[in-house]
Structures are given as structure tokens and as C-alpha cells.
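Novice: First the structure, which I've put down as C-alpha cells, then a few questions once you've had a look.
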Amino acid sequence: MQRGRLAILGVVSAWLGACVVEAEPGVEALGVTQDALREAPVADAFGDPLPGLSRRLTQRFETGRTLFSTVLQSSDGVGFAFSGVPGCFICHTVPAIGGSSGVTQVRFGHLADDGSFDPLLAEGGPTQQFLGQTGPQAPPACGVESPIPLETIPDDANVIVSRRSPPLFGLGLVEAIPDAALELLALQQRSKRDGVHGQVNHVEDAVTGRRRAGRFGLKAQIPTLTEFVATAMLNELGVTSPLFPDEDCPNGDCTLAGCDGVPDPDMSADKVASFVDFVRLLSPPPPRPLTPTARRGKLLFQRIGCATCHVPDQITGPSSVAALDHVVFHPYSDFLIHDLGPSNQGSADMTTQGEARAQFVRTAPLWGTNSNAELFHDGRGFTVAGSVFWHGGEADPARSRFTALPADDQAAVSDFVLSL
């Protein structure tokens, strides 16, 4: 068994012995034993479903993929304001449906001198809407040409940032990590006193109202895939749902809120659930075989401290889906938030979401890096070395150790990361 595997199994043992937490929705118990653990199945190709799904779950996956791959129409409730071509696949298509793309989301807000952040919701924040319903197919109230972008950045916004569309592969496994496991990871990091002290971003679960450990999004601001999908529907497509039934009005002007011609909520909970099924049942990204150089890079990656935050292994809790039940998988992330310094020195985007303040960013999972032409949350890291350069704050010591490596060792670390 590999050293990293032993370490994460040690985490589970400590968690079992020390943590007593409230059961999560739909979960009868949080018990995990080492004997019950197994390796998460990985498909051969990007965009495939988790291997070994039942016929019923495979059908749900295919139904969701069809919806995900469809251009939505005004009859589907596409809002009078949205961010781009109204279809999920537009932002998630590289290297397969469910992946990433060069499409970015623009966010804005106001960061005050005292560190408080206003997402400017009354002025249309936090995301910029670029397009509106126009032309002969639009409802009569909206059949007028609209400017592009439809929504302008308010004058009082002093934070304007871009976020790349994240890949969705393997997110059902990430959702299945028990909150207690993330809490324990944070506790262990703080106990080491090496300057790395990740935190759980505690956020309200929009579905249950419970306080949960966030894990999705740049700031780990979302705890579940249902909320993740419903949020994207609203912010990117202008599609309301029972979870978020109110239209996102450009610059806060809701005059044309009924412009899509469909009563709110636009999309039923069952239809949203079909999109969620597709994302939840996507297989993890398949890694490339390790070359001898990449194997050496893996050892260096651990030695210089990158694996402290980019934790190689995670473990799911109990699940009714066998492929998500008590499995070890390899996202290379702790899914915690870290202070990485101001945006001109590190990777933060200076927005605030939940407990993730301006300089805090979730550790980006590295799996699937072998398929990304652009690295980093805004695409500024075109190489592994370039991405390391933007790691400040808590990551500064590891960055310094990387830059002190000889060129061939840096290249070995890059080869390893690009194999994931």
C-alpha cells in the first residue's frame, strides 16, 4: 500500500475514534472501516459514467447528459438575462461533455477598507449577465435589441474577477466526503504549526437549511451538487428553480423579469434533478500512466509540501450508489480554504463567500490536469510552474521550495501534475 494511502487511512481511523457528528441527510451512519474501503472505479474516457452503475442509474445518467447537452430555449425558462449561449455544455465541453472550457464567469462586488465585502446584489451582482432575450422568437415584451453586455459593471464595484468554468468529473465522489472528514483534515493541518492551516468554509445548505462543509466552487461556498447545479442554472442561464425561484435582474432592474414568458420557477425540481444525476454520476478524470520522470516528480511533489493542501486521497462515506460507497479516490485537494495572499501576490480573487474572505481560496483539485490547456481558476497559469508562481500566503513556503529545485526537478514535478 502506498504511503499516501496509509496516511489517509490513518485519517479515517482517527476520525472514527474521535468524531461524533450529526448524520447527513439520507445517511444512516458515518461508520467507515478500513476493511470496507476500496478503490473508486474510474472509466477509460473523460465524460463516461461511473463504472458498474445499475441499469436504472445508467438511464438516469443518460437522461441527464441529454439535457446537459441541449441548447435551452425561452420555452424552457431561459431568463431574460443570462451569461452566454443557454446550454450547460457550452461551458463544460473540453475534453468531453462535463469538462471545462475557456469560458469564464465575471463576478463583481465592493471590498471595503475594513475587509467587508458587498456582492452588490441590489445592482445585479454577483455575476455579470451578458445577453438578453431579443429578436422575433422572444416574448413581445422583450422583442427589442439589447446591448452587449446587457449588464454593466456598477461604478461602485472595485472587485472585478473572472472564474473559469470548472470541470465536473468525479464530483459525486467529492459530494460524498463526510463533513467530519473535512473537519478532521482542517484540525490536523492546524496542529502541525507549519503555516498551513486550512479551514472548512461552513455554509448554509440551501436545501436543508443546515450548516454544512462547503466543497464546490472557488471558495468552497457550496455544499451539495443540487445547490451547485441550481446556482449555475440561475446565474449562467437565467433559469429559476424551486431552490432559487427569483430571477437574477441585470443591474437590479427587474422591469422585464417576466420576459422569459414562463412562470417562475422555470424548471421543476425533477428536471433539475436530472441535471444533477448527470454530474453526480460522472466518472473521475482518467489519469495518464506515470513515466519514470513523473514518478520522481510525485516524490518531489510530496517532499516540497504540495501534498499538504493538494491531498492525494479522499474517502467517501456510505452511499446507496455502490460506486460512491466507502471508496478511496484521488482528487489532490483537501477541499479546504486557505489564505493565499492578496490577488497581486497570490491566487485569491478578493471576493467573499461564506467564511471564505477576500484572500481565501479552496485548494483546487489537480485531477484532470492532463486535459486542461489553461490552469488556475482564471486561466492565468498556462504551465505548472506558472501556476506555482501565483501561490502566496500559506503556500509561499512550498512555492519557495519548488523554485529552489533544479530545472530538471521542476520539470519532473510538472510532468507528475500533468499526468493527473
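The values are calculated or read from the model by the stated rules, or taken from the named source; none is laboratory data. All values reported here derive from a predicted model rather than from experimental measurement. We place every Cβ from the backbone using ideal geometry, glycine too, and count neighbours over all the protein chains shown.
Novice: What is the one condition in (1) buried (at least 19 other Cβ atoms within 10 Å of the Cβ); (2) not in a loop (DSSP other than H, G, I, E, B) that residue 220 does not satisfy?
Specialist: Tallying (1) buried (at least 19 other Cβ atoms within 10 Å of the Cβ); (2) not in a loop (DSSP other than H, G, I, E, B), residue 220 fails exactly one: (2).
Novice: Given the criterion buried (at least 23 other Cβ atoms within 10 Å of the Cβ) and aromatic (Phe, Trp, Tyr), identify the matching residue among 329, 360.
Specialist: Numbers: 329 fails: buried (at least 23 other Cβ atoms within 10 Å of the Cβ).
Checking each option against the conditions leaves just 360.
Novice: Related question: Any chance segment 192-206 includes a residue that's under 24 Å from residue 328 (Cβ atoms), assigned to a helix (DSSP H, G or I) and more than 15 Å from the chain's Cα centre (by Cα)?
Specialist: Yes, there is a match, as at least one residue in segment 192-206 is under 24 Å from residue 328 (Cβ atoms), assigned to a helix (DSSP H, G or I) and more than 15 Å from the chain's Cα centre (by Cα).
Novice: Additional query: Could you please give the count of residues in segment 155-191 that are more than 18 Å from residue 351 (Cα to Cα) and either in contact with a Ser or Thr (Cβ under 8 Å, 6 or more places away or on another chain) or in a loop (DSSP other than H, G, I, E, B) (or both)?
Specialist: The number of residues fulfilling the criteria is 10.
Novice: Here is a further query. If you take the residues of segment 185-205 that are surrounded by 18 or more Cβ atoms within 10 Å (Cβ to Cβ) and hydrophobic (A, V, I, L, M, F, W, C), which of them is farthest from residue 396 (Cα to Cα)?
Specialist: It comes out as 203.
Novice: If the requirement is being closer than 30 Å to residue 125 by Cβ, assigned to a loop (DSSP other than H, G, I, E, B), among the hydrophobic types (A, V, I, L, M, F, W, C) and at pLDDT below 95, which of these qualifies: 21, 27, 78?
Specialist: Going through 21, 27, 78 in turn, the sole match is 78.
Novice: Answer with yes or no whether residue 275 is assigned by TED's automatic domain parsing to the domain that holds residue 78, touching a residue at least 12 places away in the same chain (Cβ under 8 Å) and in contact with a Phe, Trp or Tyr (Cβ under 7 Å, 6 or more places away or on another chain).
Specialist: On the way: assigned by TED's automatic domain parsing to the domain that holds residue 78: yes; touching a residue at least 12 places away in the same chain (Cβ under 8 Å): yes; in contact with a Phe, Trp or Tyr (Cβ under 7 Å, 6 or more places away or on another chain): yes.
Considered against the rule, which asks whether it is assigned by TED's automatic domain parsing to the domain that holds residue 78, touching a residue at least 12 places away in the same chain (Cβ under 8 Å) and in contact with a Phe, Trp or Tyr (Cβ under 7 Å, 6 or more places away or on another chain), residue 275 comes out as yes.
Novice: Can you go through 305, 297, 341 and tell me which one is in contact with an Asp or Glu (Cβ under 7 Å, 6 or more places away or on another chain) and crowded, with 18+ Cβ neighbours inside 10 Å?
Specialist: Exactly one of 305, 297, 341 is in contact with an Asp or Glu (Cβ under 7 Å, 6 or more places away or on another chain) and crowded, with 18+ Cβ neighbours inside 10 Å, namely 297.
Novice: Do you know which residues across segment 252-303 are of a type in the set (S, T, N, Q), more than 23 Å from residue 43 (Cα to Cα) and assigned to a loop (DSSP other than H, G, I, E, B)?
Specialist: Those that are of a type in the set (S, T, N, Q), more than 23 Å from residue 43 (Cα to Cα) and assigned to a loop (DSSP other than H, G, I, E, B): 255, 268.
Novice: Considering only residues that are in contact (Cβ under 8 Å) with a residue 60 or more places away in the chain and either among the aromatic types (Phe, Trp, Tyr) or surrounded by fewer than 17 Cβ atoms within 10 Å (Cβ to Cβ) (or both), which ones fall in segment 258-270?
Specialist: 258
Novice: Checking the structure you have, find out if any residue of segment 218-225 is modelled with pLDDT under 95 and on the phi < 0 side of the Ramachandran plot. First the steps, then the outcome.
Specialist: Of all residues in segment 218-225, those modelled with pLDDT under 95 come to 218-219.
Then drop every residue that is not on the phi < 0 side of the Ramachandran plot, which leaves 218-219.
Yes: segment 218-225 contains one or more residues that are modelled with pLDDT under 95 and on the phi < 0 side of the Ramachandran plot.
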